[in-house]
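In what follows, a structure is listed as structure tokens, so that the remarks can point back to it.
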Amino acid sequence: MMKAVVMNAVGDAGVLEYVERPEPAPRAGEVLVEVAVAGVNFMDIGIRQGMSWNETPNPKILGAEGMGRVVALGAGVSGFEVGQRVAWVYAPGSYAQRIAVPAGALVAVPDFIDDQTAAASMMQGLTAKHFATDFYRTQPGDIAFVHAAAGGVGLLLTQITKLYGGKVIGRVSSQDKVAAAKAAGADHVIVDAEGKFAEQALRLTDGAGVHVVYDGSGPSTFQGSLDVLRRSGTFCWYGPVLGGPGALNIMSLPKSIKLGYAVYANLIPTPELLRHHAGQLFDWIAEGKLKINIGAVYPLADAVRAHTDMASRATTGKLLLLP
């Protein structure tokens with residue numbers, strides 16, 4: 001038996017429970033991993049609220065991201081060995097002491113990356129890399145508007161944009177988050193909790209607007225994000241947990257902007273691409289070009305508190321669970 005956190009029903013954080021569950025056995029093509037660190041993501045909150053994974057009956061183990069050590073190999077698995085450190089960006093059931101992960105979803109973790117950094121850099125790191133390099137190709141001199149600039153994705157988006165020679169206007173919800181956004185490299189930080197940021201951002205760009213806006217803050221910021229874009233700018237929409245903007249009339253979109261819903265999985269459709277992009281993240285970290293901000297670490301048994309803290313929008317950086 002092992003310890004795990006399950007959701008017993010759709011609902012608030014109170015539906016989570018720390019329980020004993022049977023330990024999984026690796027099937028053909030899978031690797032059994034002892035989880036050292038599990039990542040907490042807004043996606044987990046969305047699942048808890050019934051937005052996805054509904055085909056899997058409750059109670060089910062939450063969590064999709066983490067890192068750990070290989071315990072056993074299923075039939076047909078090659079390229080991994082017992083004791084090896086590995087990480088993954090998407091494997092359902094990661095809020096647990098052990099998990100069976102498809103071998104193709106695993107990335108080897110180099111010795112120069114510690115456990116918590118490895119876990120914290122996977123989903124949000126690959127997401128930010130996709131946004132700033134693939135969904136929108138950042139060019140020197142570009143100006144990006146980054147919502148939730150002190151959050152896990154926002155801090156990484158800011159750093160990656162700066163790596164490519166861009167400038168960043170960050171938006172945070174409270175004054176106490178300004179320092180974190182500035183430390184990541186934001187050139188300007190707007191404090192706004194009501195979606196009234198466009199006028200100030202336009203002033204900062206002499207009225208021209210930004211080249212790209214990264215918005216995972218829900219419907220309250222959608223119109224402002226449209227307003228802050230320059231002609232032919234790019235609108236990167238993500239983060240469905242907070243809700244979408246509703247039905248859109250495409251003929252009402254202004255200034256020839258390009259609007260899309262960005263999903264990190266589009267960056268990593270094959271194991272080879274997953275490992276390539278994760279490897280580049282690890283190299284940037286080792287070279288000091290990318291800093292992973294870990295906002296809080298909780299025992300696995302305190303998953304309810306982690307979900308509550310994340311939902312409050314009061315945290316900065318990445319939240320982690322330790323089984």
Quiz item: Using the beta-carbon distance between Thr270 and Gln84 and R0 = 25 Å, what value does 1/(1 + (r/R0)^6) give for FRET efficiency, to the nearest 0.05?
Solution: 0.75
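Mean shadow of the chain, computed from the convex hull of its alpha carbons, in nm²?
Over every viewing direction, the Cα hull of the chain projects on average to 15.9 nm².
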Quiz item: How much accessible area per residue does the chain have, in Å², with a 1.4 Å probe?
Solution: 42
Quiz item: For the pair Glu17 and Ser52, how long in nm is the line joining their label points, each one 7 Å along Cα→Cβ?
Solution: 2.6
Self-check item: Test item: Cα-centred dipole of the chain, Lys/Arg +1 and Asp/Glu -1 on Cβ, debye
Solution: 600
Quiz prompt | Spacing of the two label points (7 Å from each Cα toward its C-beta) at Lys60 and Asp176, in nm | solution = 3.5
Exercise. For every helix of n ≥ 4 consecutive DSSP H residues, a contribution of -39,500 (n - 2.57) applies; sum these over the chain, divide by its total residues, and give [θ] at 222 nm rounded to the nearest 500 deg cm²/dmol.
Key: -6500 deg cm²/dmol
Practice problem: Quick one: among Val297, Val89, Val77, which has the greatest mean-square fluctuation in a GNM of the chain with alpha-carbon springs under 10 angstrom? | Solution: Val77
Quiz item: Once you put a point 7 Å from the Cα of Asp227 and another 7 Å from the Cα of Arg305, both along the Cβ direction, what distance in nm separates them?
Solution: 4.0
Exercise. Please give the length that would be gained between Met1 and Arg203 if that part of the chain were fully extended, namely 0.36 nm times their separation in residues minus their C-alpha to C-alpha distance (nm, one decimal).
Key: 66.8 nm
Exercise. Quick one: angle between helix 271-286 and the longest Cα principal axis of the chain, in degrees between 0 and 90, rounded to 10, please.
Key: 70
Quiz prompt | Residue-by-residue Karplus 3J(HN,Hα) for segment 29-39, coefficients 6.51, -1.76, 1.60, Hz, glycine and proline x | solution = x, 10, 10, 7, 10, 7, 6, 9, 8, 10, x
Quiz item: How high is the relative contact order of the chain, in percent, counting Cα pairs under 8 Å that sit 6 or more residues apart?
Solution: 19
Quiz item: For the chain, which whole percent of the accessible surface, found with a 1.4 angstrom probe, sits on carbon and sulfur atoms?
Solution: 52
Quiz item: Tell me, what HN-Hα J-couplings in whole Hz come from the Karplus equation 6.51 cos²θ - 1.76 cosθ + 1.60 at θ = phi - 60° for each residue of segment 3-11, using x for Gly and Pro?
Solution: 8, 7, 10, 10, 9, 8, 6, 6, x
Quiz item: What list of ³J(HN,Hα) values in whole Hz, one per residue of segment 308-316 in order, does the Karplus curve 6.51 cos²θ - 1.76 cosθ + 1.60 (θ = phi - 60°) give from phi, with Gly and Pro shown as x?
Solution: 5, 5, 5, 5, 6, 6, 8, 8, 10
Practice problem: Would you mind checking which residues have amide H under 5 Å from Val212's amide H? H placed 1.01 Å from N; only 5 or more apart, or other chain. | Solution: Ile143, Phe145, Thr234
Quiz item: Going down the list Lys196/Lys255; Lys129/Lys318; Lys196/Lys289; Lys162/Lys255, which pairs span over 22 Å between their C-alpha atoms?
Solution: Lys196/Lys289; Lys162/Lys255
Exercise. DSSP loop (so not H, G, I, E, B), at most 10 other Cβ within 10 Å: list which chymotrypsin sites (Phe, Trp or Tyr not before Pro) in segment 240-323 pass both filters.
Key: none
Exercise. Name the long-range amide H neighbours of Gly151: under 5 Å, sequence gap of 5 or more, or other chain; modelled H, no Pro or chain starts.
Key: Gly317
Quiz item: Counting Lys and Arg as +1 and Asp and Glu as -1, each charge on the Cβ, what is the dipole of segment 27-168 about the Cα centre in debye, to the nearest 20?
Solution: 220
Exercise. Identify all lysines with a Cα-Cα distance to Lys60 below 20 Å; exclude those on the same chain that are fewer than 8 residues away in sequence.
Key: Lys3
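The values are calculated or read from the model by the stated rules, or taken from the named source; none is laboratory data. These figures come from a predicted structure and were not determined experimentally. Note that we place each Cβ from the backbone using ideal geometry, even for glycine, and neighbour counts take in every protein chain shown. Side chains are part of the model used for accessible areas, which takes the heavy atoms of the whole protein and leaves out ligands, DNA and RNA. Shrake-Rupley method; radii C 1.70, N 1.55, O 1.52, S 1.80 Å.
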